[in-house]
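The values are calculated or read from the model by the stated rules, or taken from the named source; none is laboratory data. Treat the numbers as computed from the prediction; the structure is a model and nothing was measured. Counting neighbours? That spans all protein chains shown, and the Cβs are built from the backbone with ideal geometry, glycine included.
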Amino acid sequence: MKIYTKDSLIKELKSIAAKGWIENARHGNHGGIGNTLEDLLGITENNLPIPNAAEWELKSQRINASSLTTLFHIEPSPRAVKFVPQILLLKYGWGHQEAGKKYSENEMSFRQTIHGLSSSDRGFQVIIDRKNSKVLISFDSSKVADKHSEWLKSVKKIVGLGQLDPQPYWGFDDLSNKAGTKLLNCFYVQAEVKKEGCKEFYKYSKVTMLQKFNFEGFLKQIEKGNILVDFDARTGHNHGTKFRMRQNCLSELYQKVTVIV
């Protein structure tokens, strides 16, 4: 593995950007943008080998992608309750779309991607409680869309239509530590993508250096709807609770933003 200084990495990324279109080195791999960049840099994973007082990470994404970027996984508190499989799935879940096909007829699902700007069509929203230093999940039955009226009747029968009790949450300290560990100082590289026949090509046309993670910026992006909480559980398997981010918002999480290319 090559060892870089910050300056030598900047020089190498500028050189890669100047090459223009580069063929996907991992044909058929959905992570081709990041994998190809790692191959070009001679590294094996996105933790950059830069001897420095601070750790660095390499993040890559296609320009104008509509997909969300997963920032990290973290289950809500109180964790001993196993909130997602034991409460959200059992009491607020609905029939899985593959029930009776891929799964048993009783297979349930709780899949919600929610944020702080407005409620989902099932009435769930992320709430920032700065007074008590918590990020909370809230339920408001009045915000449930008409198309989910039968589901709402089942919720009323099982648990009632009041607020979640207790409410799942993440304490600011826990969340700040997790985010600060996963969202290290990073080089954020964005690529244009084109296809020629069955081959895919990348042009690494935007490179930004992001330094000093800012937790308040993280909270504000939740409130603006740019960072989302993604629940993905079904009967027998919780795929994990993720914090995910919309395209072009990553720089809002850092105190210092330096455009390289």
Go through segment 7-39 and give me each residue that's in contact with a strand residue (DSSP E or B) (Cβ under 8 Å, 6 or more places away or on another chain), at pLDDT below 90 and surrounded by fewer than 16 Cβ atoms within 10 Å (Cβ to Cβ). H27
What number of residues in segment 245-261 are touching a Leu at 6+ places or on another chain (Cβ under 9 Å) and either over 27 Å from L9 (Cβ atoms) or not in a strand (DSSP E or B) (or both)? 7
Residues in segment 141-167 that are within 15 Å of L89 (Cα to Cα) and either touching an Asp or Glu at 6+ places or on another chain (Cβ under 9 Å) or among the acidic types (D, E) (or both) total 2
Which residue is nearest to P166 (Cα to Cα), if the candidates are limited to segment 88-102 and must be surrounded by fewer than 19 Cβ atoms within 10 Å (Cβ to Cβ) and not charged (D, E, K, R)? L90
Looking for something farther than 23 Å from L175 by Cβ and surrounded by 15 or more Cβ atoms within 10 Å (Cβ to Cβ) - is there at least one such residue anywhere in segment 65-79? yes
If T181 meets every condition in (1) closer than 23 Å to T69 by Cα; (2) surrounded by 12 or more Cβ atoms within 10 Å (Cβ to Cβ); (3) out of contact with any His (no Cβ under 9 Å at 6 or more places or on another chain) apart from one, which number is that one? (2)
Q190 meets each of (1) touching a Leu at 6+ places or on another chain (Cβ under 8 Å); (2) touching a residue at least 60 places away in the same chain (Cβ under 8 Å) with one exception, condition (1)
Checked segment 164-188 for anything part of a loop (DSSP other than H, G, I, E, B), in contact with a strand residue (DSSP E or B) (Cβ under 6 Å, 6 or more places away or on another chain) and either among the acidic types (D, E) or closer than 17 Å to S138 by Cα (or both); matches are L164, Q167, P168
Any residue that is surrounded by fewer than 18 Cβ atoms within 10 Å (Cβ to Cβ) and over 21 Å from the mean Cα position of the chain (by Cα) - is there at least one of those in segment 167-178? yes
Go through (1) of a type outside the set (K, R); (2) surrounded by 15 or more Cβ atoms within 10 Å (Cβ to Cβ); (3) over 23 Å from N185 (Cα atoms); (4) at pLDDT below 95 for D230 and report which single condition fails. (4)
What residue, among those in segment 210-261 that are among the basic types (K, R) and out of contact with any strand residue (DSSP E or B) (no Cβ under 8 Å at 6 or more places or on another chain), is nearest to N106 (Cα to Cα)? K224
Could you list all residues from segment 193-224 that are among the charged types (D, E, K, R), within 30 Å of A25 (Cα to Cα) and surrounded by 16 or more Cβ atoms within 10 Å (Cβ to Cβ)? E200, K203, K206
